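Report on one structure; see the data block that follows.
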Amino acid sequence: MTYRHFFRAALAVGAALAFSGVANATDGYFVNGMGAKAKGAGGVAIAMPDDAVAIAANPAAAVDLGERLDLGIEVFVPSRGVEITGNVPLGGKWSGNGANPFVLPEVAYVKPLNKTFAAGITVVGNGGMNTNYDANPFGNFGAQGEAGVNLRQIFITPTIAARIAEGHSIGISPILLLQSFSMTGIQPFTAASSAPLQMTNNGDDWAFGAGLRVGYLGHLGKSVSVGAFYQSKVWSGRFEKYAGLFAGRGDFDVPASWGFGVALRPSSRLTLGADYKRIEYAGVASVGNPLAPLFSGNLFGSENGPGFGWQNIDVVKFGIAYKTSDTLTLRAGYGRSDNPVPASQTFLNLLAPGVVTDHFTAGATVKVDGKLELTGYVMHAPRNWVYGSGSIPQPYGGGEANIRLAETAAGFSAGFLF
């Protein structure tokens, strides 16, 4: 089997496996880094590309990477739960960890076409969210069975990049979105839905969409690189089975995002990088609308219906890579993201508690020979609580929902250089 045949097979397998377990909830519900090397360095990649997956962060990087194929896999373990106080009959504590761990693959390939152009493609998880409450927090409201959500989003991004001047490149990636969603155990809320039979316990639903990412990468001499990207909103088809849940009869677009980064190389062995990213969750009604419209006559699933109340967030990342020898590179990093869930919106978000803020990472790459690199990394996001404030509306009995999330992940990738 030639490497090209191997690449096509890996791409197909990666796409199939990716749907089996995307459950990231780091920068909100977006992943905190693209590629094993970036994830070991706090997620920094916009101006510090180091493997083929980096083109999913900044498509302009394709001209700098040579020809390579990267295959990665991550084991991801979230810990999520809720405490409800001051509400009769819902008071208590629940664990949402009925499903763990998750195995998340990624595949990327990049190839120079000539001295000016390069092309590539990635199959990566953009993000996702999973909760599984074996004991249903809404049980005393009459809910039946388990409660939880399972959102999975995969981006397939063909990329073309061009060197527009010495040290400067631009790139563009059409984004093909495949996503699935399921919801269980919220039967008591169907009375507040515009389509009660299309709100919960309808199994997996699938939707497809498209968007665009553009990027710039510039090298200012040998020691400084700068980069930037913009990703449009990714417009998606509706989740028809959940038209009674999401605002706009099942609309669930992917929010727009943008950012910039810088990398400094004080020596041939040391690289320091930093990224800033803005994610515009509030620009998608099903995610950003608060619960309040429900009490103004806008039912779940209606055009201006309730959502999860997520706000836009700022994300900063810092990373370091140190080449100890020709065969070993060590990495470490830290990322800080805003919490997208306001204290007033924690009630519904016990189903989607994407509230971790701090991410600590470490990683290493070993060059086996001139054609193979092996990279590993670990990430830990300490437990973060968001304590409700006016979070459970009086029609549902008042009180507060306090939600929590922590995450641990470890990953491995193999990079094949041609």
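Here are some notes:
- Filtered by the rule that a residue be surrounded by 17 or more Cβ atoms within 10 Å (Cβ to Cβ) and out of contact with any His (no Cβ under 7 Å at 6 or more places or on another chain), the range 221-231 gives Gly227, Ala228, Phe229, Gln231.
- Screening the candidates Gly261, Gly218 for the property of being surrounded by fewer than 23 Cβ atoms within 10 Å (Cβ to Cβ) and either hydroxyl-bearing (Ser, Thr, Tyr) or part of a strand (DSSP E or B) (or both) yields one hit, Gly218.
- Figure legend. Inter-residue proximity from the range 67-90: first residues farther than 14 Å from Tyr387 by Cβ and in contact (Cβ under 8 Å) with a residue 40 or more places away in the chain, second residues surrounded by 24 or more Cβ atoms within 10 Å (Cβ to Cβ) and of a type in the set (Asp, Glu), beta-carbon distance below 8 Å, spacing 6+ or different chains. Indicated pairs: Arg68/Asp51; Asp70/Asp51; Asp70/Glu106; Leu71/Glu106; Gly72/Glu106; Ile73/Glu106; Glu74/Glu106.
- Check on Asp314, over 22 Å from Ile175 (Cα atoms), surrounded by fewer than 17 Cβ atoms within 10 Å (Cβ to Cβ) and under 20 Å from the mean Cα position of the chain (by Cα): yes
- Any hit, the range 249-260, residues being acidic (Asp, Glu) and either within 24 Å of Pro340 (Cβ to Cβ) or out of contact with any strand residue (DSSP E or B) (no Cβ under 9 Å at 6 or more places or on another chain) (or both): yes
- Looking only at residues of the range 102-159 that are among the aromatic types (Phe, Trp, Tyr) and part of a strand (DSSP E or B), we find that the one that is nearest to Leu348 (Cα to Cα) is Tyr133.
- Verdict on Gly72 being buried (at least 24 other Cβ atoms within 10 Å of the Cβ) and either in contact with a Cys (Cβ under 6 Å, 6 or more places away or on another chain) or assigned to a strand (DSSP E or B) (or both): yes
- Selection within the range 360-418: residues that are farther than 30 Å from Ile84 by Cβ and acidic (Asp, Glu). The member of this set that is surrounded by the most Cβ atoms within 10 Å (Cβ to Cβ) is Glu373.
- Some residue of the range 290-303 being of a type outside the set (Phe, Trp, Tyr), closer than 24 Å to Phe30 by Cα and not in a loop (DSSP other than H, G, I, E, B): no
Values in this text are rule-based calculations from the coordinates and carry no lab data. Here the structure is a predicted model, which means the values were calculated and not measured. Glycine also receives a Cβ, built like all others from the backbone with ideal geometry; neighbour counts cover every protein chain displayed.
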